[in-house]
Each structure stands twice: as C-alpha cells, then as structure tokens.
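Input: a single structure, listed below in structure tokens.
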C-alpha cells in the first residue's frame, strides 16, 4: 500500500529546505498542483523539523526523507514521522534498520550488482540514481533486461526534468520519476509557492493519468 501511495501520481517532487518554516507552505503548494507527495532531503539541518511539521499540519500529504546515509538517520527520520525513505546508494545496514523499523525504503542503484544486492535485501522498488549521468533511458532498459522477471521497478532521479520525464514513464519498469525541477531550492528560498504549484500542475499534465487504484491493480 505504501509503495502504491508513493508512486500513484507518477512523480515524486524532491526538495531541499533551508528553513523548516518553508516545509508546510511547500507541501501545500505541491498538493494544490496535484502532487500530495514530497521527499525532503537530509541535506540541511531544517529537514527533520520540516518533515515533522508536514506530518503534524498536513496529514493528507505523504512525506518521505531522502539522502539517508546511516542507520542513525533512519531512526531520526522515523521519529520525525517520515513515511518512507530513500538513499543515493545501497547500504545493507541502512536497509536493515529501515526494515526493522517498518520504514518503507527505496535504496539507490546504478549497476547490476546494486540491483542484485537490493533484491537480496528484499527491495523491489529502486531509485535509479543519478539517472542521466548513469546512462539515462538506455541504462534503465539495460538494467531491466536481466531483472525484468523479478518484478523490480525503477524510480529515476538525477537529471530528470519536464523535458525527459515522459520518456522514462513510457518504460513499463518505471512507475514514477523523481526530481527537483518542480521545487528547486531557489524557488523554496524565495517562497515562490504559486510558481511551484504551476510547475506541479504541468508535471501532472505531462505524466498523464495516475496509476489505477489498488483494487484495479489486483485485477490486472
């Protein structure tokens, strides 16, 4: 169910907040644009407080923590209320901690060996990162070839934009993409909420229809 909720809109906005007070207005701006889901990266001291604020004030918005690098950070984001977590790479200790704490986790992969490790650790939804520098569409296809029978799916991040997101979403193994172009750091710093809403609306339009509901998926 959590996996479906994360990918259902086919886009996961990724943001950096320098001021925790910006987290709730940012989340609301995205939701107004049709994207009630957000990844806040642990790149600033404001991230954990921002996650906690969204969970407290916007219970209908799904918020996750990105750039999780250590088991200790898994514990911290759990206490803040994060509903899912992501990492740029794959660290077995981090994945294990997330599993033990019931945090839905999406590790980062870039190579076949990464994918094999992720599958061994029980992860089937993977962050393909950094997508464009690592080979883009061609690399996703190449990775999917030997692993398609496992049911593994990829969420590309890193260089994904309004210009190329549709190319990724046409791949059957890509249920969603992630990116910061919708809520770039400068837009958040300058509190340009209306502009973020418009960018979210445009991204939703480009993504097309959201994934079908759980009941429909179970019948397919």
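Of the residues in segment 48-68, at least one is closer than 21 Å to residue 108 by Cβ and either assigned to a loop (DSSP other than H, G, I, E, B) or out of contact with any helix residue (DSSP H, G or I) (no Cβ under 9 Å at 6 or more places or on another chain) (or both). Residue count for segment 106-142, restricted to those that are assigned to a helix (DSSP H, G or I), in contact with a helix residue (DSSP H, G or I) (Cβ under 6 Å, 6 or more places away or on another chain) and buried (at least 21 other Cβ atoms within 10 Å of the Cβ): 1. For residue 172, the conditions (1) surrounded by 14 or more Cβ atoms within 10 Å (Cβ to Cβ); (2) out of contact with any helix residue (DSSP H, G or I) (no Cβ under 7 Å at 6 or more places or on another chain); (3) in a loop (DSSP other than H, G, I, E, B) are fulfilled apart from (1).
Each row is one residue, and each column tells you yes or no for (1) assigned to a helix (DSSP H, G or I); (2) touching a helix residue (DSSP H, G or I) at 6+ places or on another chain (Cβ under 9 Å); (3) farther than 22 Å from residue 35 by Cα.
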residue	(1), (2), (3)
145	yes, no, yes
158	no, no, no
168	yes, yes, no
182	yes, yes, no
197	yes, yes, no
204	yes, no, no
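Between 45, 52, which is closer than 24 Å to residue 192 by Cβ, over 17 Å from the mean Cα position of the chain (by Cα) and free of Cβ contacts under 8 Å to residues at least 12 places away in the same chain? Just one listed residue meets the conditions, 45. On inspection, residue 188 does not qualify as surrounded by 15 or more Cβ atoms within 10 Å (Cβ to Cβ), assigned to a strand (DSSP E or B), within 19 Å of the chain's Cα centre (by Cα) and touching a residue at least 60 places away in the same chain (Cβ under 8 Å). Of all residues in segment 10-25, those satisfying the criterion of being under 30 Å from residue 173 (Cβ atoms) and assigned to a loop (DSSP other than H, G, I, E, B) are 10, 16. The selection criterion, being surrounded by 15 or more Cβ atoms within 10 Å (Cβ to Cβ) and farther than 19 Å from residue 112 by Cβ, holds for residue 165.
Across segment 69-82, what is the number of residues that are in a loop (DSSP other than H, G, I, E, B) and surrounded by fewer than 17 Cβ atoms within 10 Å (Cβ to Cβ)?
Number satisfying all stated conditions: 3.
Once segment 207-216 is narrowed to residues that are part of a helix (DSSP H, G or I) and under 21 Å from the mean Cα position of the chain (by Cα), the residue that is modelled with the lowest pLDDT is 214.
Checked against the criteria, residue 32 counts as farther than 12 Å from residue 83 by Cβ and either buried (at least 24 other Cβ atoms within 10 Å of the Cβ) or in contact (Cβ under 8 Å) with a residue 40 or more places away in the chain (or both).
On the given criteria, is residue 204 under 24 Å from residue 88 (Cβ atoms), surrounded by 17 or more Cβ atoms within 10 Å (Cβ to Cβ) and modelled with pLDDT of 95 or more? When the stated conditions are applied, residue 204 does not pass them. Here residue 151 fulfils each of the conditions (1) loosely packed, with under 14 Cβ neighbours inside 10 Å; (2) under 22 Å from residue 66 (Cα atoms) apart from (2).
The values are calculated or read from the model by the stated rules, or taken from the named source; none is laboratory data. In this text the structure is predicted, and so the values were computed from the model without any measurement. A quick note on method: Cβ atoms are made from the backbone with ideal geometry, for glycine too, and the neighbour counts reach across all protein chains shown.
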